Number of protein chains: 2
Amino acid sequence: MTPVEVVVIDRDNYHLFQPMLYQVATAGLPTTVISAPIREILHKQANTRVMLAEVTGVDVERRQVVLRGQLPLSYDYLIIATGASANYFQHPEWGEIAPSMKTLEDALAIRSMLLSAFEQAELEPDEEKRRALLTFVLVGAGPTGVELAGSIAELANKTLARDFRHLRPSLTRIMLVDAMPRILPTLPKDLARSAEKQLRHLGVELHVGKMVTDVSGEGITFGGEFVATRAVIWTAGVLASPAGVWLGTEVDHSGRVKVTTALTLQEHDNIFVIGDTACVLQGGKPLPGVAQVAIQEGEYVAEAIQRQLQGEHISYPFHYVDKGTMAMVGRAYALAAIGRLHIAGLIGWLLWVGIHIYNLISFRNRFIVTFQYALNYLTYQRSARIIYHTPDGGKFKREKHSHSM
Amino acid sequence: MTPVEVVVIDRDNYHLFQPMLYQVATAGLPTTVISAPIREILHKQANTRVMLAEVTGVDVERRQVVLRGQLPLSYDYLIIATGASANYFQHPEWGEIAPSMKTLEDALAIRSMLLSAFEQAELEPDEEKRRALLTFVLVGAGPTGVELAGSIAELANKTLARDFRHLRPSLTRIMLVDAMPRILPTLPKDLARSAEKQLRHLGVELHVGKMVTDVSGEGITFGGEFVATRAVIWTAGVLASPAGVWLGTEVDHSGRVKVTTALTLQEHDNIFVIGDTACVLQGGKPLPGVAQVAIQEGEYVAEAIQRQLQGEHISYPFHYVDKGTMAMVGRAYALAAIGRLHIAGLIGWLLWVGIHIYNLISFRNRFIVTFQYALNYLTYQRSARIIYHTPDGGKFKREKHSHSM
């Protein structure tokens with residue numbers, strides 16, 4: 001082992017397996033199945049230290065990371081992989097109404113929002129208001145939006161239809177909206193068409209080529225039309241973390257840091273930027289913000305630093321190998337594009353489940369998730385249908401007898 | 001089946017299995033294992049309707065339940081089982097600092113508080129501040145306080161000691177404080193003495209016969225001495241829900257409604273009060289606020305109403321049969337008093353685990369909890385060590401790039 005000292009700084013104490021976050025948002029899995037404490041993941045790695053702290057800047061001249069409420073930390077090599085958050089474009093105020101799908105907190109907020117909507121609708125005597133409560137609008141028809149739409153449709157039509165006495169599933173309306181002319185732009189056209197068919201089969205309305213012009217507590221306006229709804233979910237765009245500001249370097253229109261083919265800054269070859277925070281060009285186009293890209297970039301950087309420490313230099317530029325793209329559309333239906341192979345349906349779903357469970361980081365999680373998946377599949381139950389009463393946990397709030405904690 | 005219409009009103013959408021709440025607070029189990037949606041539990045019961053709503057009063061003359069933001073609901077029979085919250089006696093402001101252990105939100109707040117304390121201590125250069133961060137004070141040495149103390153000791157000494165590089169377990173201080181002269185006053189003396197020995201073995205300091213006189217952000221004062229700490233947990237007393245106010249009837253010093261031997265109000269024999277909200281005298285003493293009492297009261301009331309509907313009357317008063325008392329003190333050690341039989345140690349623990357898992361309401365939960373227990377036991381891992389960044393989720397807070405969700 002190269003005699004290095006590694007410090008992992010994160011403002012969260014856990015690592016999140018993002019591809020299954022929509023399962024938490026739709027009450028299919030509890031949060032703990034898709035998240036694991038960073039210290040637990042790394043506890044066998046003796047040369048690695050974990051810090052729960054928040055980065056607020058980088059002093060490139062002094063080679064120090066600036067932390068909130070902590071002394072600065074010196075580095076020889078710096079790897080920035082601070083991700084991205086939701087992009088509400090010119091309307092940050094929409095973020096107050098329409099949660100995104102980036103963090104565990106986002107997923108819990110959506111879960112509370114969905115479940116509370118059904119609870120409120122059950123008690124609502126006014127037909128029009130009930131309709132608004134049961135209208136769910138998803139903005140952004142990428143994989144996250146499509147997966148959420150399919151999952152909400154099943155939650156509404158199968159799981160909840162059984163438990164509510166006064167709600168007809170036909171009252172529920174799920175709308176998937178995107179300004180682009182088609183859904184799933186990162187997947188081949190024929191697969192996107194299969195997904196459209198499957199979504200319609202599940203009762204999801206597709207509204208492509210329509211721009212959102214307003215979001216309020218009353219509803220949403222897109223394509224010039226107003227739809228009354230209390231539940232808008234935003235998966236339309238990403239904004240990179242402010243690493244470009246910390247480093248005082250050039251960024252693209254999404255705030256991603258422009259890096260060299262060796263994934264370093266032009267001016268500092270000991271500073272690497274990877275993942276959703278980096279803009280890496282390949283064949284003249286920027287690489288997509290997906291896990292596969294980030295993982296391969298991480299491996300490349302580790303190799304590059306190892307070589308430098310041995311007095312060599314990495315001689316080849318970073319090159320991303322696309323292993324394929326997948327998207328799940330509800331129960332037992334997924335799409336996969338692996339090179340020329342295009343799969344849609346049950347086989348795709350089995351592949352999706354296998355690959356995602358395999359990639360869940362710890363054995364323990366892998367086992368539980370399989371078990372829970374199998375149970376959900378057999379029973380249509382959703383085990384995580386819990387509405388927390390945190391101040392931000394949804395629209396249904398209560399007063400407490402005791403302390404406000 | 002008697003042709004009745006049952007309406008279950010709850011301000012939460014889930015039923016909570018409270019005896020294992022301390023496992024959530026100490027990151028041993030995720031929330032979803034000990035909670036199940038009320039609708040799911042009751043979905044096969046065709047004559048039963050579930051309402052997510054908050055009761056704000058009762059109009060006994062009109063026989064109506066008053067609800068927040070809803071039309072009043074008429075009843076023929078009313079059963080009030082609205083439980084209790086923490087009692088900070090004359091100091092409600094302490095509740096802002098010292099969370100209690102009544103709700104899922106409480107348990108999540110404690111989990112964040114404990115885990116954040118270790119994270120902050122790891123980064124704290126000042127020895128004195130580090131000591132304060134690693135001092136945990138539990139007020140109230142009943143079963144909940146004892147179970148929490150044992151569980152925190154193991155979290156600190158086993159699970160976390162492995163994951164933190166800079167913390168010596170010896171720095172951690174866990175103090176169990178009670179104004180009463182001994183711990184576990186509801187258990188026989190010999191078992192309480194065994195529990196004391198086991199707690200000391202785990203490194204827990206016992207401070208009995210000491211009154212808490214101040215709680216602040218800096219620390220706690222008990223028995224005239226100040227102890228610097230950032231983590232105080234309150235399990236010292238309970239305050240019944242305000243049912244006495246709703247009903248305009250007599251209550252005891254904890255706010256519990258005084259009921260007849262048939263569990264009804266003196267003035268209204270169609271209004272029953274049970275569980276932690278009722279003060280039921282047996283042999284001149286009020287029955288304890290435990291699940292067993294509430295369950296037996298519920299069964300009695302169901303029988304009484306059935307008989308009334310058949311034109312009869314229940315001829316015998318409610319009588320509680322004590323099946324025994326248990327308390328767990330850390331890993332593989334529990335106490336059980338079942339009639340004359342007193343058990344302490346591993347056998348008690350096996351019994352505790354068996355009974356509690358058996359009582360977990362649904363098969364699914366029962367299965368997962370067993371599995372998780374077995375794994376935790378074998379690996380000392382705590383799967384639920386996730387700190388959420390909700391506004392109330394602990395002392396470590398951050399700013400977000402996007403919306404405030």
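So is A:HIS356 away from every other protein chain (no Cβ under 11 Å) and modelled with pLDDT of 85 or more or not? Spell out the reasoning first.
Details: away from every other protein chain (no Cβ under 11 Å): yes; modelled with pLDDT of 85 or more: no.
Criteria not met by A:HIS356.
I need the strands (runs of 3 or more DSSP E) fully contained in region B:231-311, keeping only those with at least 2 residues that are over 22 Å from the mean Cα position of the chain (by Cα) and in contact (Cβ under 8 Å) with a residue 24 or more places away in the chain. Working first, answer last.
Values: elements: B:231-234, B:238-240, B:271-273.
By residue number, B:271-273.
Do we have A:ILE361 as modelled with pLDDT of 80 or more, aliphatic (A, V, I, L, M), out of contact with any Ser or Thr (no Cβ under 7 Å at 6 or more places or on another chain) and not assigned by TED's automatic domain parsing to the domain that holds A:GLY145 here?
Details: modelled with pLDDT of 80 or more: no; aliphatic (A, V, I, L, M): yes; out of contact with any Ser or Thr (no Cβ under 7 Å at 6 or more places or on another chain): yes; not assigned by TED's automatic domain parsing to the domain that holds A:GLY145: yes.
No; evaluated as a whole, the condition is false for this residue.
As an exercise: evaluate A:THR103 against (1) in the same structural domain as A:ASP163 (by TED's automatic domain parsing); (2) β-branched (Val, Ile, Thr); (3) open to solvent by 60 Å² or more (accessible area, probe 1.4 Å) and give the number of the one condition it does not meet.
So the condition that A:THR103 fails would be (3).
Go through the residues of region B:63-81 one by one and say whether even a single one is open to solvent by less than 50 Å² (accessible area, probe 1.4 Å) and either facing chain A (nearest Cβ under 7 Å) or within 24 Å of A:ILE34 (Cβ to Cβ) (or both).
Restricting attention to region B:63-81, the residues satisfying the condition of being open to solvent by less than 50 Å² (accessible area, probe 1.4 Å) are B:64-65, B:67, B:73, B:75, B:78, B:80.
From what is left, the residues that are either facing chain A (nearest Cβ under 7 Å) or within 24 Å of A:ILE34 (Cβ to Cβ) (or both) are none.
Within region B:63-81, none of the residues are open to solvent by less than 50 Å² (accessible area, probe 1.4 Å) and either facing chain A (nearest Cβ under 7 Å) or within 24 Å of A:ILE34 (Cβ to Cβ) (or both).
Looking at B:VAL6, B:VAL60, B:VAL50 in this structure, which one is surrounded by 17 or more Cβ atoms within 10 Å (Cβ to Cβ) and at pLDDT 95 or above?
Numbers: B:VAL6 fails: surrounded by 17 or more Cβ atoms within 10 Å (Cβ to Cβ); B:VAL50 fails: at pLDDT 95 or above.
Only one candidate passes the filter, namely B:VAL60.
Looking at (1) more than 14 Å from chain B (Cβ to nearest Cβ); (2) in contact with a helix residue (DSSP H, G or I) (Cβ under 8 Å, 6 or more places away or on another chain), can you tell me which one A:ALA132 breaks?
Among (1) more than 14 Å from chain B (Cβ to nearest Cβ); (2) in contact with a helix residue (DSSP H, G or I) (Cβ under 8 Å, 6 or more places away or on another chain), the lone unmet condition for A:ALA132 is (2).
Can you tell me which residues in region A:248-264 are over 30 Å from A:MET211 (Cβ atoms) and touching an Asp or Glu at 6+ places or on another chain (Cβ under 9 Å)? Give the derivation first.
Kept after step one, since they are over 30 Å from A:MET211 (Cβ atoms), are these residues of region A:248-264: A:248-249, A:259-264.
Once the filter is applied, which keeps residues that are over 30 Å from A:MET211 (Cβ atoms) and touching an Asp or Glu at 6+ places or on another chain (Cβ under 9 Å), region A:248-264 yields A:THR249, A:THR260, A:ALA262, A:LEU263.
Mind listing whichever residues of region A:159-194 are within 14 Å of chain B (Cβ to nearest Cβ) and open to solvent by less than 10 Å² (accessible area, probe 1.4 Å)? Break it down into steps so the answer makes sense when it comes.
Taking region A:159-194 first, the residues within 14 Å of chain B (Cβ to nearest Cβ) are A:159-167.
The answer is A:THR159, A:LEU160, A:ASP163.
Please specify each residue of region A:171-188 satisfying the condition of being over 22 Å from A:ASP214 (Cβ atoms) and over 23 Å from the mean Cα position of the chain (by Cα).
A:LEU171, A:THR172
Let's see how each residue does on (1) touching a Pro at 6+ places or on another chain (Cβ under 6 Å); (2) under 29 Å from A:SER151 (Cβ atoms); (3) loosely packed, with under 15 Cβ neighbours inside 10 Å:
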{"site": "A:LEU265", "(1), (2), (3)": "no, no, no"}
{"site": "A:ASN270", "(1), (2), (3)": "no, no, no"}
{"site": "A:LYS285", "(1), (2), (3)": "no, no, yes"}
{"site": "A:GLU297", "(1), (2), (3)": "no, no, no"}
{"site": "A:SER315", "(1), (2), (3)": "no, no, yes"}
{"site": "A:ARG331", "(1), (2), (3)": "no, yes, no"}
{"site": "A:ALA344", "(1), (2), (3)": "no, yes, no"}
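Restricting attention to region B:5-31, report how many residues are away from chain A (no Cβ under 12 Å), in a loop (DSSP other than H, G, I, E, B) and in contact with a strand residue (DSSP E or B) (Cβ under 9 Å, 6 or more places away or on another chain).
Result for region B:5-31: 1.
Scan region B:12-20 and give yes if some residue there is without any contact (Cβ under 8 Å) to a residue 12 or more places away in the chain and open to solvent by 30 Å² or more (accessible area, probe 1.4 Å), otherwise no.
no
For A:ARG256, indicate whether it is within 23 Å of A:THR56 (Cβ to Cβ), among the basic types (Lys, Arg) and open to solvent by 20 Å² or more (accessible area, probe 1.4 Å). Spell out the reasoning first.
Numbers: within 23 Å of A:THR56 (Cβ to Cβ): yes; among the basic types (Lys, Arg): yes; open to solvent by 20 Å² or more (accessible area, probe 1.4 Å): yes.
Spelling it out, A:ARG256 is indeed within 23 Å of A:THR56 (Cβ to Cβ), among the basic types (Lys, Arg) and open to solvent by 20 Å² or more (accessible area, probe 1.4 Å).
Would you please name the residue that is nearest to the other protein chains (Cβ to nearest Cβ), looking only at residues in region A:220-248 that are buried (at least 19 other Cβ atoms within 10 Å of the Cβ) and among the hydroxyl-bearing types (Ser, Thr, Tyr)?
Within region A:220-248, the match that is nearest to the other protein chains (Cβ to nearest Cβ) is A:SER241.
Restricting to region A:135-158, name every residue that is surrounded by fewer than 23 Cβ atoms within 10 Å (Cβ to Cβ) and within 14 Å of another protein chain (Cβ to nearest Cβ).
A:LYS158
Just the residues that are open to solvent by less than 10 Å² (accessible area, probe 1.4 Å) and either over 25 Å from B:GLU40 (Cα atoms) or in contact with a Lys or Arg (Cβ under 8 Å, 6 or more places away or on another chain) (or both), please, taken from region A:118-134.
Of everything in region A:118-134, those that are open to solvent by less than 10 Å² (accessible area, probe 1.4 Å) and either over 25 Å from B:GLU40 (Cα atoms) or in contact with a Lys or Arg (Cβ under 8 Å, 6 or more places away or on another chain) (or both) turn out to be A:ALA121, A:ALA132, A:LEU134.
Looking at this structure, is B:ASP322 among the acidic types (Asp, Glu) and surrounded by fewer than 16 Cβ atoms within 10 Å (Cβ to Cβ)? Give the steps one after another, and end with the answer.
Values: among the acidic types (Asp, Glu): yes; surrounded by fewer than 16 Cβ atoms within 10 Å (Cβ to Cβ): yes.
Here the answer is yes, as B:ASP322 does meet what is asked.
When you check A:GLY348 against the structure, is it open to solvent by less than 50 Å² (accessible area, probe 1.4 Å), in contact (Cβ under 8 Å) with a residue 12 or more places away in the chain and within 22 Å of the chain's Cα centre (by Cα), yes or no?
Working: open to solvent by less than 50 Å² (accessible area, probe 1.4 Å): yes; in contact (Cβ under 8 Å) with a residue 12 or more places away in the chain: yes; within 22 Å of the chain's Cα centre (by Cα): yes.
Answer is yes for this residue.
With the condition kept exactly as written, say whether any residue in region B:378-386 is in a helix (DSSP H, G or I) and modelled with pLDDT under 85. Outline the logic, then answer.
Going residue by residue through region B:378-386, those that are in a helix (DSSP H, G or I) are B:378-379.
So of that shortlist, the ones also modelled with pLDDT under 85 come out as B:378-379.
Yes; the residues of region B:378-386 include at least one that is in a helix (DSSP H, G or I) and modelled with pLDDT under 85.
Please note which strands (runs of 3 or more DSSP E) are completely contained in region B:32-119 and include at least 3 residues that are over 23 Å from the mean Cα position of the chain (by Cα) and farther than 21 Å from A:PHE118 by Cβ.
B:55-59, B:64-67
If I filter region B:207-219 for residues that are under 23 Å from B:ALA98 (Cα atoms) and open to solvent by less than 20 Å² (accessible area, probe 1.4 Å), do I get at least one hit?
Keep residues of region B:207-219 that are under 23 Å from B:ALA98 (Cα atoms), which gives B:207-219.
If we keep only those that are open to solvent by less than 20 Å² (accessible area, probe 1.4 Å) as well, we get B:215, B:219.
Checked against the condition, which is being under 23 Å from B:ALA98 (Cα atoms) and open to solvent by less than 20 Å² (accessible area, probe 1.4 Å), region B:207-219 yields at least one hit.
Could you tell me how many of the residues in region A:85-112 are in contact with a Pro (Cβ under 6 Å, 6 or more places away or on another chain), at the interface with chain B (Cβ under 8 Å from one of its Cβ atoms) and of a type in the set (A, V, I, L, M, F, W, C)?
Residues meeting the conditions: 1.
So, in region B:113-127, exactly how many residues are more than 7 Å from chain A (Cβ to nearest Cβ) and without any contact (Cβ under 8 Å) to a residue 40 or more places away in the chain?
First, pick out the residues of region B:113-127 that are more than 7 Å from chain A (Cβ to nearest Cβ): B:113-114, B:116-118, B:120-122, B:124-127.
In the following step, the residues that additionally are without any contact (Cβ under 8 Å) to a residue 40 or more places away in the chain were identified as B:124-127.
The total comes to 4.
The values are calculated or read from the model by the stated rules, or taken from the named source; none is laboratory data. As the structure is a prediction and not an experimental result, all values here were calculated from the model. So basically every Cβ, Gly included, is an ideal-geometry build from the backbone, and we count neighbours across all protein chains shown. Remember, those area values only see protein heavy atoms, side chains included, never the ligands or the DNA or RNA. Shrake-Rupley method; radii C 1.70, N 1.55, O 1.52, S 1.80 Å.
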